[in-house]
Amino acid sequence: MDPSSGAPMPSVSRAVGHAFDHTTRILFKPFDLSKWFVMGFSAFLAKLGGGFPSSFNIPRGPGDSPAASELSQGLDWVQGHLVLVIGIALLVLLVAAVIGTVLAWLASRGDFMLLDNIVRNRAEIAEPWKAYRHPANRLFAYRIAVGVALLLFILVLLCIGLGVSWPMIREGALEQLWKPALLLLPLLLLGICFFSLYLMVLRDFGMPLMYLRGCAPGEAMRVFRRELLPGHLGTFVLFYLLKIGLGIGAGILVVMAGCLTCCIGFLPYLSSVLTLPVTVFFRCYALDLLAQIDEGWRLLPLQEPGLPE
């Protein structure tokens, strides 16, 4: 119990049970295949945001190896065709930026559509698409700003790493590259983890606060930091640790389901329909914890676990 209010302390395990009940209520009571396909479309849009690099390959080898010789020749070719290389790189970056921007915009619209459908227990596309255009665009712009900040962080580290490593590369001392990598790679991974966690908190808790208050994403994150995080840091740590564990289990089930459907379940839109219970569960998981911390933030109906609405 919370000693100050007499209310039960927030519990991630209780949030799991409630999320399961809400998922059952929304998707199976009654089961409506057309509802699944409509909600699955909003879930499909919400998953278009993309991700972050997960691995980094560092070339290594003795200075007199064939790899070192080939690398040296490659560097000489790049220097001789520097304008062409820069032009191609800029073109690739421009195309990738345009595609990524469009997908991020669609994902922000889809996030609000899916949240509204879950909260109202309905399957609509056109109405939430129009009704939440403004907050979705604000969310999109904020995500782009966070992505640009991450990109600048990575570029700074890469420039530092290139400046430190360039003499080693020119001399063919590739076996020494582990030294700057040992320093910079942990910083890069920590930075990516920080930005990834920030975006997860934005989706799990910032966006529902935007939905409730009609505030901007930055203000929603400040509300989270001022009103929700104090006194509940351990709860949120457990929330994400459990979410990672549940996500691993859900991923295994998704792969099994895709294989059992002869890989049809791996097709983009159909996979969103097939895995809709997983998507709805994780959204309800965050929404229930939010309501446990403060009843004023409740978006899902209050009900006893295992009982219909």
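The values are calculated or read from the model by the stated rules, or taken from the named source; none is laboratory data. Just so it is clear, the structure is predicted and the values come from calculations on it, not from any experiment. Heads up, the Cβs are rebuilt from the backbone with ideal geometry, glycines too, and the neighbour counts pull from every protein chain shown. We work out accessible area using only protein heavy atoms, side chains counted, and drop any ligands, DNA or RNA first. Shrake-Rupley method; radii C 1.70, N 1.55, O 1.52, S 1.80 Å.
Please turn the phi angles of the range 263-271 into ³J(HN,Hα) values with the Karplus equation 6.51 cos²θ - 1.76 cosθ + 1.60 (θ = phi - 60°), one per residue in order, whole Hz, x for glycine and proline.
Rounded to whole hertz, the list is 6, 5, x, 8, 5, x, 5, 5, 5.
Rank 83, 273, 156 by accessible area, highest first, at a 1.4 Å probe radius?
83, 156, 273
Using a 7 Å offset from Cα along Cα-Cβ at residue 158, what residues in the range 90-108 end up with backbone N under 17 Å from the label point?
So the set is 90-101.
Per residue, how much accessible area does the range 195-275 show when a 1.4 Å probe rolls over the protein heavy atoms, in square angstrom? The partial results should precede the final answer.
Working: 4160 Å² over 81 residues.
Result: 51 Å² of accessible area for each residue.
Taking R0 as 30 Å, what's the FRET efficiency between residue 222 and residue 102 from their Cβ-Cβ distance, rounded to 0.05? Mind showing how you got there, number by number?
Values: r = 29 Å, r/R0 = 0.96.
Once the sixth-power term is evaluated, E becomes 0.55.
Stretched out fully, how many nm does the piece from residue 145 to residue 295 gain, at 0.36 nm a residue minus the Cα gap?
Difference between extended and current length: 50.9 nm.
Between residue 193 and residue 83, what is the spin-label point distance in nm, taking each point 7 Å from the Cα along the Cα→C-beta axis?
4.6 nm
Taking Cα pairs under 8 Å and at least six residues apart, what relative contact order does the range 215-309 come out at, in percent?
Averaging sequence separation for qualifying contacts and normalising by length gives 13 percent for the range 215-309.
Given labels modelled 7 Å from the Cα in the Cβ direction, how far is it in nm from residue 262 to residue 137?
4.6 nm
Classify the range 208-271 from the C-alpha gyration tensor, please: rounded if a/c falls under 1.5, else prolate or oblate depending on whether a/b exceeds b/c.
In terms of gyration-tensor shape, oblate.
I want to check the label-to-label distance for residue 29 and residue 130. Put each point 7 Å from Cα in the C-beta direction and report it in nm to one decimal.
3.3 nm
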